[in-house]
Amino acid sequence: KKFDDIYGKIFENEKKYLTKHSIALSYVTCGIISKLAWDSIENRNKLVMSSFLHDVAINSPEFDEGTTGLENRESLVNFKGHPREAVDLIKSFEKIPTDVDQIIIDHHEKPDGSGVPRGLSSNQLKPLATIFIFSHDVVDAIFEVENKQLNINSKNVLDLLDKDYYSTGHFKKCFESLEKIELFK
């Protein structure tokens, strides 16, 4: 596939869930890393690139319209395989930074090891993947706050995230970083 196909899929309609999700994710990942030792322009570029490419293989109108709730995502036909499919799509591009493929593969892993595709736990995940996974959860919380028609602010988002759940590995640093930054004005 040509890059134009992927670019078109991401930006064909800015009101679509996947577009909003990708833009929000790029913003949150950069905010989180800004307070961590791993902050650099190279790492920000990797996180932003991952934000826009991680779900490029999802082929479900219900998902892209935002009508598929968090609890129903795994029932989608290609949900569990979409990280691998996304990496396979981007492998042909020479300019994709190193680590982007690993971030994308790991983006549905969980701190407790219950995620997919490999069931990695917090101590097995690299820092950039951890930032991405945590930020992905933050974006989901933001959208949940929005769906509940509450004010989108740090308190309401933090209230939806379980601090104890993110208390291991690099996740702890990510949570502490989120507490220090003001993502919302």
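Key figures
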quantity: Solvent-accessible area of L158 with every protein chain in place, 1.4 Å probe, in Å² to the nearest 10; calculated: 40 Å²
quantity: Listed residue pairs exceeding 26 Å between alpha carbons, taken from K16/K180; K110/K155; K16/K80; K126/K148; K95/K172; calculated: K16/K180; K126/K148; K95/K172
quantity: Ratio of Rg to Rh over the range 80-185 (Cα coordinates, Kirkwood Rh, two decimals); calculated: 1.01
quantity: Calculated from backbone phi, Karplus (6.51, -1.76, 1.60) coupling profile of the range 156-169 in Hz, x at Gly/Pro; calculated: 5, 6, 4, 4, 8, 9, 8, 4, 5, 4, 9, 9, 10, x
quantity: Rounded to the nearest 10 Å², the accessible area of K91 at probe 1.4 Å; calculated: 130 Å²
quantity: Largest-first ordering by accessible area, 1.4 Å probe, given options H170, H108, H54; calculated: H170, H108, H54
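The values are calculated or read from the model by the stated rules, or taken from the named source; none is laboratory data. Since we're looking at a predicted model, the values are computed, not measured. Protein only, heavy atoms only, side chains kept; ligands, DNA and RNA dropped before computing areas. Shrake-Rupley method; radii C 1.70, N 1.55, O 1.52, S 1.80 Å.
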